[in-house]
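Working notes for the structure below.
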Amino acid sequence: MKQDPLTRREEEILGHMMMGLSNKRIASQLAVAVGTVKTHVKSILLKLDAASRTEAVAIAQRRGILQQESECLINR
């Protein structure tokens, strides 16, 4: 079964989720509406077939999706 890849923005938001940030905090840092972040989080959960934010982060780490993003966040 082929899965849809995450968009660059979804990967960015997933990286922030990995850091434990809330939707409100992510929205503030990215200068977008909280509703926009919620929409991206829902899409991430669907694409990764995850039941929670924590599971999405775990799946992404296993698949190597977050390695580059976490390095970028650390260097900010």
Please enumerate the residues belonging to the range 1-20 that are under 17 Å from ARG63 (Cα atoms), open to solvent by 50 Å² or more (accessible area, probe 1.4 Å) and in a helix (DSSP H, G or I). ARG8, GLU11, MET18
When every residue in the range 21-66 that is under 15 Å from ARG8 (Cα atoms), assigned to a helix (DSSP H, G or I) and of a type in the set (Gly, Ala, Ser) is compared, the one most open to solvent (accessible area, probe 1.4 Å) is SER43
Being within 10 Å of the chain's Cα centre (by Cα), among the hydrophobic types (A, V, I, L, M, F, W, C) and more than 12 Å from ILE65 (Cβ to Cβ) is the filter here, so list the residues in the range 27-51 that pass it. VAL37, VAL41, LEU45
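The values are calculated or read from the model by the stated rules, or taken from the named source; none is laboratory data. Since the structure is predicted, the reported quantities are computational estimates derived from the model, not experimental observations. Ideal geometry is used to build each Cβ from the backbone, glycine not excepted, and the neighbour counts take in all protein chains shown. Each accessible area value is taken on the protein alone, full model and side chains, heavy atoms only, with ligands, DNA and RNA left out. Shrake-Rupley method; radii C 1.70, N 1.55, O 1.52, S 1.80 Å.
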